[in-house]
1. Do the conditions hold for Lys76, that is, is it over 27 Å from Gly226 (Cα atoms), over 21 Å from the mean Cα position of the chain (by Cα) and surrounded by fewer than 23 Cβ atoms within 10 Å (Cβ to Cβ)?
2. Collect the residues in the stretch 218-236 that are open to solvent by less than 10 Å² (accessible area, probe 1.4 Å) and either assigned to a strand (DSSP E or B) or touching a Leu at 6+ places or on another chain (Cβ under 7 Å) (or both), keeping them in residue-number order.
3. For Phe128, only one of the following conditions fails: (1) within 24 Å of the chain's Cα centre (by Cα); (2) under 17 Å from Lys338 (Cα atoms); (3) surrounded by fewer than 22 Cβ atoms within 10 Å (Cβ to Cβ). What is its number?
4. Quick one: what pairs do we get from the stretch 71-89, first residue under 18 Å from Arg302 (Cα atoms) and in contact (Cβ under 8 Å) with a residue 40 or more places away in the chain, second β-branched (Val, Ile, Thr) and assigned to a helix (DSSP H, G or I), C-beta under 6 Å, 6+ apart or different chains?
5. Take residues that are touching a residue at least 60 places away in the same chain (Cβ under 8 Å), open to solvent by less than 70 Å² (accessible area, probe 1.4 Å) and among the hydrophobic types (A, V, I, L, M, F, W, C) and tell me which of the strands (runs of 3 or more DSSP E) falling wholly in the stretch 396-466 contain 1 or more.
6. Looking only at the stretch 117-151, which residues are assigned to a strand (DSSP E or B) and farther than 17 Å from Glu182 by Cα?
7. Of all residues in the stretch 293-322 being part of a loop (DSSP other than H, G, I, E, B) and under 16 Å from Gln352 (Cβ atoms), which is least open to solvent (accessible area, probe 1.4 Å)?
8. For Ser141, all conditions in the list (1) of a type outside the set (Asp, Glu); (2) in contact with an Asp or Glu (Cβ under 8 Å, 6 or more places away or on another chain); (3) open to solvent by less than 50 Å² (accessible area, probe 1.4 Å); (4) under 23 Å from Ala343 (Cα atoms) hold save one; what is the number of the exception?
Amino acid sequence: MLSLTCVGKRLAFCLLFSACFVFLFQDANGYEPNWKSLDSRPLPGWYDDAKLGIFVHWGVFSVPSFSSEWFWYNWKDKKAPPIVEFMKKNYRPDFTYADFGKEFTAEFFDSNKWADMFGKSGAKYVVFVSKHHEGYTNWPSKYSFSWNSMALGPKKDIVGELMNATRSRTDLRFGLYHSMYEWFHPLYLKDKASGYKTQDFVNAKTLPELYEIVETYKPEVVWSDGDWEAPDVYWKSKEFLAWLYTNSPVKDTVVVNDRWGSNANCTHGGFYTCGDRFNPGVIQKHKWENAMTIDKRSWGYRRDAPLSDYLSIEELLQTFIITISCGGNMLMNVGPPKHGQIAPIYEERLTQMGSWLEVNGEGVYASRPWTYQNETVTKGVWYTKKTETSGTSVYAFVFYWPDTEILSLDLPQVSSATKVSLLGYPALFNFHTRSPRGLDISVPPIAVSKMPCQWVWVFKITAVEN
């Protein structure tokens with residue numbers, strides 16, 4: 001069952017541990033534990049250039065693999081009828097959630113295969129769930145004594161193995177997700193009952209774990225979650241971030257999100273997520289991320305998910321392109337089964353994404369939003385841009401191949417030096433200017449075998465004047 005960590009003498013030790021780390025942020029040239037100072041930190045440039053990341057939700061919830069990763073909470077707190085009936089039908093009456101722990105076997109988990117698959121997807125960073133709201137840690141945490149992947153289940157340091165494989169076999173940045181709260185941890189429930197006037201859970205569990213994963217695994221993304229029930233003051237978020245930005249081993253390259261308290265979401269932090277599957281369709285003033293799922297209904301693996309519940313590659317690409325056109329990154333989630341062999345549907349989507357980016361990555365990586373995000377005269381055309389010494393090039397992402405021999409674009413202001421090409425295709429395309437601006441691109445019939453890709457085509461328009 002869940003370890004009741006840090007009680008009695010252990011709690012005193014953890015309070016001292018936490019207090020010591022609070023002082024580490026103090027540096028004459030460092031960041032102070034207030035939002036004005038923390039929000040002044042520039043976002044490391046690698047993140048905006050990367051555009052695509054892989055999210056991985058894997059934990060004890062992958063054992064029942066039914067409903068969603070919120071299985072335990074929806075079973076015991078919400079008494080959701082489908083889950084109650086599922087347990088009644090398939091498990092003995094005294095079966096507890098902790099009993100699923102020993103069935104989290106990971107017998108087919110191969111960190112090298114995972115890393116290779118993620119590398120081939122075209123993503124530039126990976127964010128792995130080190131601990132979800134159930135409290136089970138995918139590393140041998142000193143603060144989750146019997147409820148971790150070394151003590152129960154796989155008997156492995158999953159975080160460590162994936163970190164090593166990712167860094168030795170790919171160029172992906174390695175990041176970690178961490179849930180600040182735990183649904184049923186006694187210390188958290190005690191703090192909650194006090195109206196968050198006590199901070200025993202934060203001092204004994206949340207902060208020590210955060211420092212532990214940063215010091216041990218040096219993640220370049222710290223993706224926080226589970227913060228929404230209490231403000232940042234309860235979580236001591238500002239103190240942690242001041243240390244992370246000033247004294248941590250990843251202080252120069254780490255990026256963080258905005259889930260640091262009920263008052264921080266979409267307001268403070270490195271990049272904003274604002275909510276799951278956030279994709280506003282218009283440009284945002286602050287760098288943001290669309291954390292989304294290939295399975296439309298769950299972050300964790302579902303054994304009973306039909307094919308129709310998975311995004312097609314066309315849907316996935318369109319979501320991605322709308323995201324980057326509006327200045328966001330996309331964090332694309334994979335949910336492995338308990339045994340650790342990533343399901344073929346996920347492997348196919350990652351491979352398809354990688355093959356598409358191999359052709360069209362020029363219009364994606366290190367691109368920026370253009371003056372306009374999407375076309376007005378032709379449906380399903382979205383834009384990015386790159387500005388170089390030779391001028392500005394605009395990339396038009398075309399969701400639907402033209403059914404006539406003309407592709408009309410109403411927004412680019414072309415010049416006498418403008419050239420039009422199709423990424424992955426060897427020849428230039430003729431075009432005529434429109435009035436007062438825009439162009440009609442002549443699109444002759446192209447044999448299927450000559451098409452550079454199967455879905456979403458990218459036209460490059462050089463020397464654009466707006």
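The values are calculated or read from the model by the stated rules, or taken from the named source; none is laboratory data. Owing to the predicted nature of the structure, the values given are computational and were not obtained by experimental measurement. A quick note on method: Cβ atoms are made from the backbone with ideal geometry, for glycine too, and the neighbour counts reach across all protein chains shown. Calculation scope for accessible area: heavy atoms of the full protein, side chains included, ligands and nucleic acids excluded. Shrake-Rupley method; radii C 1.70, N 1.55, O 1.52, S 1.80 Å.
1. Details: over 27 Å from Gly226 (Cα atoms): no; over 21 Å from the mean Cα position of the chain (by Cα): yes; surrounded by fewer than 23 Cβ atoms within 10 Å (Cβ to Cβ): yes.
In short, no.
2. Here is the first cut: in the stretch 218-236, the residues open to solvent by less than 10 Å² (accessible area, probe 1.4 Å) are 219, 221-224, 226-227, 230, 232, 234-235.
Of everything in the stretch 218-236, those that are open to solvent by less than 10 Å² (accessible area, probe 1.4 Å) and either assigned to a strand (DSSP E or B) or touching a Leu at 6+ places or on another chain (Cβ under 7 Å) (or both) turn out to be Pro219, Val221, Val222, Trp223, Ser224.
3. (3)
4. From the stretch 71-89, no pairs qualify.
5. Working: elements: 406-409, 420-422, 431-433, 439-442, 457-464.
In the stretch 396-466, 457-464 are the strands (runs of 3 or more DSSP E) which contain 1 or more residues that are touching a residue at least 60 places away in the same chain (Cβ under 8 Å), open to solvent by less than 70 Å² (accessible area, probe 1.4 Å) and among the hydrophobic types (A, V, I, L, M, F, W, C).
6. Taking the stretch 117-151 and keeping what is assigned to a strand (DSSP E or B), we get 125-131, 137, 148.
Those that are assigned to a strand (DSSP E or B) and farther than 17 Å from Glu182 by Cα: Tyr125, Val126, Val127, Phe128.
7. So the first thing to find is which residues in the stretch 293-322 are part of a loop (DSSP other than H, G, I, E, B), and the list is 294, 296-306, 311-312.
Now drop any that are not under 16 Å from Gln352 (Cβ atoms), which leaves 294, 311-312.
Values: Ile294: 0, Leu311: 24, Ser312: 34 Å².
Taking the candidates together, the pick is Ile294.
8. If we test Ser141 against (1) of a type outside the set (Asp, Glu); (2) in contact with an Asp or Glu (Cβ under 8 Å, 6 or more places away or on another chain); (3) open to solvent by less than 50 Å² (accessible area, probe 1.4 Å); (4) under 23 Å from Ala343 (Cα atoms), just (4) comes out false.
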